[in-house]
Amino acid sequence: MKIVAGNWKMYKTIDEAQTYVRQIAALGAPQKAGVQAILFPNYVALGALSGSGLVPPWLSLGAQDVAGEAEGAFTGEVSPAMIVSAGARYALVGHSERRHIIGESDDLVRRKLVNCLRGSITPVLCVGETIEERRAGTMKSVIFRQLDAALADLTLTADQHLLVAYEPVWAIGTGENATPEQIEEAHNLIRQHLASCLGDSTGRAIPLLYGGSVKPFNFASIVSLPSVDGGLIGGASLKPDNFWELLQIAGGC
Ligand code: PEP
């Protein structure tokens, strides 16, 4: 099973989101059954889409962020229960734009992840190094620090799920991909570390997505790598025909 997840970032009004979903629904389900499609709209569009009746059954929805608390005086925050009430079952946690632009700490990422799991949401934990960290030879220690912080003292129950996205910060929105060797190296390190944090069988079962300037022209060579279970895609998910093409490519693997 390959997973193709589209992160719309801060794009699309309600009208634009509904037009997109109408268009992708008209293109039809991905040809192969073994592809899971997830879209991450902004909160406003997410709420509008869930009530619209436009979302086809093969397309799941997720939120781009989530609060670290269940409820309370946290102005501007959105809780897991609110996300679930909008028909979404996934949330991005620790996306690099939130870590590096908004300034989210490892500890806040952990609270968000735990809050998702308590609230019946599958978190997509994003990890990845900056270009300076890669050049300094600290890719492994940065990723392990992010994983350790997010997964501290965590045991997943049978009905709790987790996805991890390796997104090197220097590849996000830059047009520059990690090479297949760099992706395999990072994914294998993440896989081993997940097994040591969460136990062998749980660690082995967690899907690993690659994110960073994935486009229809380069996706086949990435998604067919042995360590890659799918992609987290920003820019190229913004047009329905491109996103649909990515689904078809993943289905061909
Ligand atoms: C992302 O937003 O997670 C991402 C990978 O963006 P892009 O595909 O545009 O690099």
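The values are calculated or read from the model by the stated rules, or taken from the named source; none is laboratory data. Just so it is clear, the model here is predicted, and its values are computed rather than measured. Here the Cβ positions follow ideal geometry from the backbone for every residue, glycine too, while neighbour counts run over all protein chains shown. Please note that ligands, DNA and RNA were not included when accessible areas were found on the heavy atoms of the full protein model with its side chains. Shrake-Rupley method; radii C 1.70, N 1.55, O 1.52, S 1.80 Å.
Only Lys, Arg, Asp and Glu count, each charged at its Cβ (+1, +1, -1, -1), so figure out the dipole size of the chain about its Cα centre, rounded to 20 debye. Write out the running numbers ahead of the final one.
Values: 20 positive and 25 negative charges, 84 e Å.
Dipole magnitude for the chain comes out near 400 debye.
When only alpha carbons of the range 122-253 are considered, Rg and Dmax amount to 14.7, 42 Å. Note on the chain: GNM, Cα springs under 10 Å; of E97, E184, E167, the largest mean-square fluctuation is that of E97. Hydrophobic long helices, here whole DSSP H runs in the chain with Kyte-Doolittle means of at least -1.0 and Cα atoms spread over 24 Å or more along the helix axis, are found at 180-198.
The slack between E181 and E132, meaning 0.36 nm per residue of separation minus the straight C-alpha distance, is 15.7 nm. Phi-derived couplings, Karplus 6.51 cos²θ - 1.76 cosθ + 1.60 at θ = phi - 60°, listed residue by residue for the range 65-73: 7, 6, 6, x, 10, 7, 5, x, 7 Hz, with x used for Gly and Pro.
Would you please state which residues of the range 53-76 a label at Q160 would reach in this model, taking the label point 7 Å out along Cα→Cβ and a backbone N cut-off of under 18 Å? Inside the label zone: 66-71. Here the chain carries DSSP beta bridges of which approximately 0% are antiparallel, counting only pairs with both residues inside. Distance between the modelled labels on D153 and A29, one decimal in nanometres: 4.3 nm (7 Å Cα→Cβ projection).
Dipole of the chain computed with +1 at Lys/Arg Cβ and -1 at Asp/Glu Cβ about the Cα centre; of W58, M10, F40, farthest Cα towards the positive end is W58. Model label sites at A70 and R89, defined 7 Å from Cα along the beta-carbon direction, differ in position by 2.2 nm.
As an exercise, use a Förster radius of 25 Å and the Cβ-Cβ distance of K215 and A195 to find the FRET efficiency, rounded to the nearest 0.05. Don't jump to the answer; show the numbers that get you there.
Details: r = 31 Å, r/R0 = 1.26.
My answer for the efficiency is 0.20.
Tell me, what is the FRET efficiency for R118 and R204 to the nearest 0.05, using R0 = 30 angstrom and their Cβ-Cβ distance as r? Working from the Cβ atoms, E equals 0.80.
For the range 2-251, the alpha-carbon radius of gyration amounts to 0.95 times the rule-of-thumb value 2.2 N^0.38 Å expected for a compact globular protein.
Carbon-plus-sulfur fraction of the accessible area of the chain, 1.4 Å probe, in percent?
Values: 5900 of 11090 Å².
About 53 percent, which is the carbon plus sulfur part of the accessible surface.
Taking the range 27-51 and a reference point 7 angstrom along Cα→Cβ of E16, the backbone N atoms nearer than 11 Å belong to 42.
For Y11, the amide hydrogen comes within under 5 Å of the amide hydrogens of N42, counting only partners 5 or more places away or on other chains and with H modelled in the peptide plane.
Of the candidates F74, F243, F40, which one comes out as most mobile in a Gaussian network treatment of the chain with C-alpha springs shorter than 10 Å? Greatest mean-square fluctuation among the candidates belongs to F74.
Roll a 1.4 Å probe over the protein chains and send me the accessible area per residue for the range 2-251 in Å².
On the way: 10810 Å² over 250 residues.
Dividing the accessible area of the range 2-251 by its residue count gives 43 Å².
Packing around the peptides 205-212, 121-128, taken as the average count of other Cβ atoms within 10 Å per residue, puts them in this order, highest first: 121-128, 205-212.
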